[in-house]
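A.B. asks: Quick one: structure below, then a few questions.
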Amino acid sequence: MSSVISVRDVSKVYASGFQALKGVSLEIERGEIFALLGPNGAGKTTLISIICGIVNTSSGSVSAAGHDIVSDYRRARSRIGLVPQELSTDGFESVWSTITFSRGLFGKPKDPAYLEQILRQLSLWDKRHERIMALSGGMKRRVMIAKALSHEPEILFLDEPTAGVDVELRRDMWEMVRGLRERGVTIILTTHYIEEAEEMADRIGVIRRGQLMLVEEKHQLMEKLGQKQLRLQLQKPLLTIPEELQSYPLSLSDDGLELVYHYDSQSEQTGIAELFRRLESHGIDYKDLHSTQRSLEDIFVSLVSEQEQ
């Protein structure tokens, strides 16, 4: 699959001396959903702003859809739609005027049918004649998405798109994102709702303190870093884990009724059979057991914690 965005050794140092990005290189493939995760201040928005031509690099280069974002800015930017974190629409304009004007800015011919389709997908059609200042925060967010899609971009950036919005909009928006991917649009999103990245993304990048820590296929990442937990519901509560078992990666619930064994699902030897033998020899009986996989959120928190140490 060909790359639609190429980021090559990009660094950004602001006038204050703060280094927001440190030698970031990244290839984003055409037609994929790429999730960029990282804590506040990690450099997510700076990286997106550079790719969209809003912020200049200190060093390095970026191309979008085959066009250099600096030397061929107009063509590169016309391929990109951006839904920023902050609402920045003109409050006195109507919804229809706003998205019509946005489409015209990119030199696209009038296409009322296409704009109607977008507004209907975002449940905005009935609001098309209303001034944006009269809309709720969730509706304003929908307008920002409609603006970003108005010129039919082949690359769509969603920077924290569902932060602070209602459940209905979140559901509508992700349904629309799936439809866009089916049409070949590349989606790059940042989100604090890690379960969204876990559900939607094809690949995941984790950025921390301006450095890209890893980029992996979502399923490979979870298989590589995801540990499993075996949870045993005990017949009788334990006051403490027996000394002979304390070398095992075990934890005991506060009420003493659940024993949790942590193991690597990719390891040739999980140690579960030996654990069962040890439990039996200590007279520890269980009435139920089940295993769980670490979530993407667990993995993300673990990666960030390791970086801080």
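Each reported figure results from applying straightforward, stated rules to the coordinates on display, with no laboratory input. None of these values were measured; they are calculated from a predicted model. Here the Cβ is made from the backbone with ideal geometry for all residues, glycine too, and neighbour counts use every protein chain on show.
A.B. asks: In debye, nearest 20, what is the charge dipole magnitude of region 1-159 about its Cα centre with +1 on Lys and Arg Cβ and -1 on Asp and Glu Cβ, if you could check? Walk me through the numbers on the way to the answer.
C.D. replies: Working: 20 positive and 16 negative charges, 50 e Å.
With only Lys, Arg, Asp and Glu charged at Cβ, the dipole is about 240 debye.
A.B. asks: Counting only other residues whose beta carbon sits under 10 Å from that of Glu154, what net charge do I get with K and R as +1, D and E as -1? Display every interim value, and only then the final one.
C.D. replies: Working: positive: Arg30, Arg79, Arg183; negative: Glu152.
With Lys, Arg at +1 and Asp, Glu at -1, the net is +2.
A.B. asks: With r defined as the distance between the Cβ atoms of Asp126 and Glu243 and R0 fixed at 51 Å, what FRET efficiency is calculated, to the nearest 0.05? It would help to have the intermediate numbers written out before the result.
C.D. replies: Values: r = 69 Å, r/R0 = 1.34.
Computed FRET efficiency for Asp126 and Glu243: 0.15.
A.B. asks: Among Leu250, Gly271, Leu36, whose Cα sits farthest toward the positive end of the charge dipole of the chain (+1 at Cβ of Lys/Arg, -1 at Cβ of Asp/Glu, about the Cα centre)?
C.D. replies: Positive-most Cα among the choices belongs to Leu36.
A.B. asks: Related question: If r is the Cβ-Cβ distance from Glu274 to Glu195 and R0 is 30 Å, what FRET efficiency results, to the nearest 0.05?
C.D. replies: The calculated FRET efficiency here is 0.30.
A.B. asks: Report for the chain the percent antiparallel among DSSP-assigned beta bridges with both residues inside it, nearest 5.
C.D. replies: 70 percent
A.B. asks: Using amide H atoms built in the peptide plane, which far-off residues or other-chain residues are under 5 Å from Leu289 H to H?
C.D. replies: Gln233
A.B. asks: Which log10 I(q)/I(0) values, to two decimals, does the chain give at q = 0.10, 0.13, 0.14, 0.15 Å⁻¹ under the Debye formula with one point per Cα?
C.D. replies: These q points yield log10 I(q)/I(0) values of -0.68, -0.95, -1.04, -1.14.
A.B. asks: Name the shape class, rounded, prolate or oblate, that the alpha-carbon gyration tensor gives for region 227-293, where a ≥ b ≥ c are the square roots of its eigenvalues, rounded holds for a/c under 1.5, and otherwise prolate holds if a/b is larger than b/c and oblate otherwise.
C.D. replies: Because a/c hits 1.5 or more and a/b exceeds b/c, region 227-293 counts as prolate.
A.B. asks: Here's something else I'd like to know. Can you pull the three principal axis extents for the Cα set of region 1-41, in Å, largest first?
C.D. replies: Cα extents, longest axis first: 39, 21, 11 Å.
A.B. asks: Still on this model: Which value, in debye to the nearest 20, describes the size of the charge dipole of the chain about its Cα centre when Lys and Arg Cβ atoms bear +1, Asp and Glu Cβ atoms bear -1, and nothing else is charged?
C.D. replies: Details: 37 positive and 45 negative charges, 310 e Å.
In debye, rounded to 20, the chain gives about 1480.
A.B. asks: Projected onto the charge dipole of the chain (+1 at Lys/Arg Cβ, -1 at Asp/Glu Cβ, origin at the Cα centre), which of Ile132, Ile145, Val167 gives the Cα projection farthest towards the positive end?
C.D. replies: Ile132
A.B. asks: Next question, about the same structure. Looking only at chymotrypsin sites (Phe, Trp or Tyr not before Pro) in DSSP loops with at most 16 other Cβ atoms within 10 Å, what is the longest site-free stretch of the chain?
C.D. replies: Details: sites that count: Tyr14, Phe18, Phe92, Phe106, Tyr193.
Counting at most 16 other Cβ atoms within 10 Å as exposed, the longest clean stretch of the chain is 194-309.
A.B. asks: Which whole-Hz couplings ³J(HN,Hα) result when phi for each residue of region 123-134 is put into the Karplus expression 6.51 cos²θ - 1.76 cosθ + 1.60, θ = phi - 60°, listed in order with x for Gly and Pro?
C.D. replies: After applying 6.51 cos²θ - 1.76 cosθ + 1.60, I find 6, 10, 4, 5, 9, 4, 9, 7, 6, 5, 4, 8 Hz.
A.B. asks: Among the helices of the chain (complete DSSP H runs), which have Cα atoms covering no less than 20 Å along the helix axis and a Kyte-Doolittle mean of at least -1.0? Provide the component values of the computation, followed by the final result.
C.D. replies: Values: long enough: 167-182 (23 Å, -0.84).
Within the chain the helices that satisfy the rule are 167-182.
A.B. asks: In region 50-133, which GluC sites (Glu not before Pro) are in a loop and have at most 11 other Cβ atoms within 10 Å, using DSSP for the loop call? Working shown, then result.
C.D. replies: Working: sites: Glu86, Glu93, Glu116, Glu130; in loops: Glu86, Glu93, Glu130.
Sparse-neighbourhood loop GluC sites (Glu not before Pro): Glu86.
A.B. asks: Would you mind checking Lys44/Lys110; Lys108/Lys140; Lys108/Lys218; Lys110/Lys140; Lys44/Lys140 for any pair whose Cα atoms are more than 25 angstrom apart? Could you put the intermediate results ahead of the total?
C.D. replies: On the way: Lys44/Lys110 34 Å; Lys108/Lys140 23 Å; Lys108/Lys218 36 Å; Lys110/Lys140 23 Å; Lys44/Lys140 23 Å.
Flagged as over cut-off: Lys44/Lys110; Lys108/Lys218.
A.B. asks: For Lys236, give me every one of the lysines with a C-alpha distance below 22 angstrom, ignoring sequence neighbours fewer than eight places off in its own chain.
C.D. replies: Lys287
A.B. asks: Can you compute the helix-only [θ] at 222 nm over the chain? Use -39500 (n - 2.57) per DSSP H run of at least 4 residues, normalise by all residues, nearest 500 deg cm²/dmol.
C.D. replies: Details: 10 runs with 102 residues, N = 309.
Counting only the DSSP helices, I get -10000 deg cm²/dmol.
A.B. asks: Just in region 51-115: which trypsin sites (Lys or Arg not before Pro) are loop by DSSP and have at most 13 other Cβ atoms within 10 Å?
C.D. replies: Details: sites: Arg74, Arg75, Arg77, Arg79, Arg103, Lys110; in loops: Arg79, Lys110.
Taking region 51-115 and a limit of 13 other Cβ atoms within 10 Å, the loop trypsin sites (Lys or Arg not before Pro) found are Lys110.
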